[in-house]
Amino acid sequence: MTKKLFVGGVAVGGGAPVSIQSMCNTKTDDVAATVEQIKALTAAGCEIIRVAIPDQAAAEAVDRIKEQIDIPLIADIHFNHKLALEVARRGIDAIRINPGNIGGEENVKAVADICREKKIPIRIGVNGGSLEKELRAKYGGVTAEALVESAMGHVHLLNRFDFDDICISVKCSDVPLTMAAYRLLSQRTDYPLHLGVTEAGTPSMGMVKSAMGIGGLLCLGIGDTLRVTLTADPVEEIYAAKKILKAAGLRKEGVNLISCPTCGRTRIDLIPIAEEVERRLMDCGKNITVAVMGCIVNGPGEASAADIGIAGGDGEGLLFRKGKPLYKVPQDRLVDALMAEIEKL
């Protein structure tokens, strides 16, 4: 089991539930826009949020943002250690840095000292695209061993300055390489791990890469917090993360929607029905399984564990509960009838 740390009031590691993160794409010094986006992300299920701190104006916005939001705030900082000191003084909940790119060891010590004093955890974020040149040369490119050596080198540097409140990530855009790096890292350390496949792409491909990389690691028992990176509205990252956690069996709350792929037996227009059911259940918080099945073969029998479901007929559907038939409804009233039954549960 990994060590436990706290990002604000959210536990990370040590057996705590895997937490969902995202990152704002607003200008951080535009406080109103940033707060608006954070509130939308919070409503979608985000539990920890990160903002970029590229300059002094962004750093000075941290306390004004924090006083208006309800989830912990992480500062993402590169190159300028003074920005880390500034956000620490302004109440940031955690800092993401690469200790190798904020200057000499005295700069790292200054950041470690203030974070230790204020009990602010540090995430060491190693990225395949910014791996140190000497490690690229040593390993002949970006490899799992190179990523892990980079991360552990930064860990040892912080440890030298008596700092141990650490989370680690070793992300790259190559899924098998990312998985290999995290597996190796999990064998080398018990610090909590932040999972992600960086630069995963647009939702269509990014979701697949993230489900494979993040979901695969979670199924191996690796990972304490995660961010799905998508070239999209950050809210989409939260929905994707929740789906991955559900598929990995790590979250039970909310609706588990199952549906069949349809085949030549299907006599009902099932695909738009399934899409509408998914859309209408998006904000349903009930811990239930709902089945949308194409025919009687894949209906009450194969989906008998569902709390409620439909099985398609010829232009109509049979509603069933726990495998027991309830009644038939014409196709155009099927979704409404299903939603009415869900309301009763």
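The values are calculated or read from the model by the stated rules, or taken from the named source; none is laboratory data. For clarity, every value in this text was computed on a predicted model and none was experimentally measured. Cβ placement follows ideal geometry from the backbone for every residue including glycine, while neighbour counts extend to all protein chains displayed. Accessible surface is based on the protein model in full, side chains and every heavy atom, while ligands, DNA and RNA are left aside. Shrake-Rupley method; radii C 1.70, N 1.55, O 1.52, S 1.80 Å.
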(request) Could you run the Karplus curve 6.51 cos²θ - 1.76 cosθ + 1.60 with θ = phi - 60° over the range 163-170 and give me ³J(HN,Hα) per residue in whole Hz, x for Gly and Pro? (result) 10, 9, 8, 10, 10, 10, 9, 9
(request) Specify the angular offset, from 0 to 90 degrees and rounded to the nearest 10, of the alpha carbon long axis of helix 31-44 from the longest principal axis of the alpha carbons in the chain. (result) 40 degrees
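From the C-alpha gyration tensor of the chain, pull out the three semi-axes of the equivalent ellipsoid (sqrt of 5λ each), sorted largest to smallest, in whole Å.
Details: eigenvalues 390, 96, 53 Å².
Over the Cα atoms of the chain, the ellipsoid semi-axes are 44, 22, 16 Å.
Restricting things to alpha carbons, find the Rg to Rh ratio for the range 239-345 using the Kirkwood radius for Rh. Write down the numbers at each step before the final one.
On the way: Rg = 13.1 Å, Rh = 13.7 Å.
Computed over Cα atoms, the ratio is 0.95.
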(message) Let me cross-check R116: its accessible surface, 1.4 Å probe, with only protein heavy atoms counted, in Å² to the nearest 10?
(response) 90 Å²
(message) Can you compute 3J(HN,Hα) from phi for each residue in the range 264-274, using the Karplus curve 6.51 cos²θ - 1.76 cosθ + 1.60 with θ = phi - 60°, rounded to whole Hz and x for Gly and Pro?
(response) x, 7, 6, 10, 10, 7, 6, 4, x, 5, 4
(message) Using a probe radius of 1.4 Å on heavy atoms only, what accessible surface per residue do you get for the chain? Whole Å² is fine.
(response) 45 Å²
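How do K133, K243 stack up against each other in accessible area, from largest to smallest, with a 1.4 angstrom probe? Numbers along the way, then the final one.
Numbers: K133 170, K243 110 Å².
Correct descending sequence by accessible area is K133, K243.
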(message) Using amide H atoms built in the peptide plane, which far-off residues or other-chain residues are under 5 Å from L195 H to H?
(response) D224, T225, L226, R227
(message) Given Cα positions, please report Rg to Rh for the range 1-106, the hydrodynamic radius being the Kirkwood one.
(response) 0.98
(message) Given a 1.4 Å probe and heavy atoms of the protein chains only, how would you sort D76, D283, D113, largest accessible area at the top?
(response) D283, D113, D76
(request) Pop out the carbon and sulfur fraction of the accessible area of the chain as a percent, whole number, probe 1.4 Å. (result) 51 percent
(request) Among the listed pairs K3/K242; K252/K286; K119/K243; K66/K119, give every one whose C-alpha distance is greater than 21 Å. (result) K3/K242; K119/K243
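Could you compute the net charge surrounding N80? Neighbours are other residues with a C-beta less than 11 Å from the C-beta of N80; K and R count +1, D and E count -1. Please list the in-between numbers first.
Details: positive: K82; negative: D55, E86.
Net charge in that neighbourhood comes out at -1.
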(request) Note down the net charge around N256, summing +1 for each Lys or Arg and -1 for each Asp or Glu among other residues with Cβ under 12 Å from its Cβ. (result) +3
(request) Might you work out the accessible area of R160 for me, using a 1.4 Å probe with all protein chains in place, and round it to the nearest 10 Å²? (result) 150 Å²
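Mind ranking V235, V12 by accessible surface for me, highest first, 1.4 Å probe? Present the calculation step by step, with values, prior to reporting the outcome.
Working: V235 25, V12 5 Å².
Descending accessible area places them as V235, V12.
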(request) Round to the nearest 10 and give me the degree value, 0 to 90, for the angle of helix 105-118's Cα axis relative to the longest principal axis of the chain. (result) 60 degrees
